1. For region 20-33, enumerate the residues that are buried (at least 16 other Cβ atoms within 10 Å of the Cβ), without any contact (Cβ under 8 Å) to a residue 40 or more places away in the chain and more than 10 Å from the chain's Cα centre (by Cα).
2. Among the residues of region 34-71, how many are in a loop (DSSP other than H, G, I, E, B) and exposed (fewer than 14 other Cβ atoms within 10 Å of the Cβ)?
3. Being touching a strand residue (DSSP E or B) at 6+ places or on another chain (Cβ under 8 Å) and modelled with pLDDT under 80 is true for just one of 8, 57, 47, 20. Which residue is that?
């Protein structure tokens, strides 16, 4: 629990610093690795951090990206208010998987 709390604080501080004016909409800690993803829809960013160090690994421009969920294999799924499903990982750039006729918010389970 302490490890997650420390990395969450580091992640949110980076979101505030990089994405003002911003709102951190969702945070997901991956159970298969040491990664944490944070979305900031007003800042148009999605970020991936190393959990133990708080080191920023990815900083992607994703318009209205709010929801984030872990995916099997170590990556994350980000959803947007424009209906996009975007796969994001620490090893490469984010890429769109699909666009649906939906308007996602930050409540992704």
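1. Of everything in region 20-33, just one residue is buried (at least 16 other Cβ atoms within 10 Å of the Cβ), without any contact (Cβ under 8 Å) to a residue 40 or more places away in the chain and more than 10 Å from the chain's Cα centre (by Cα), namely 22.
2. At the first step, the residues of region 34-71 found to be in a loop (DSSP other than H, G, I, E, B) are 34, 41-44, 51-55, 62-64, 71.
Remaining after also requiring exposed (fewer than 14 other Cβ atoms within 10 Å of the Cβ): 52-53, 55, 63.
The number of residues fulfilling the criteria is 4.
3. Working: 57 fails: modelled with pLDDT under 80; 47 fails: modelled with pLDDT under 80; 20 fails: touching a strand residue (DSSP E or B) at 6+ places or on another chain (Cβ under 8 Å).
It is 8.
The values are calculated or read from the model by the stated rules, or taken from the named source; none is laboratory data. All values derive from a computational prediction rather than experimental measurement. Please note: Cβ atoms are built from the backbone with ideal geometry, for glycine as well, and neighbour counts cover all protein chains shown.
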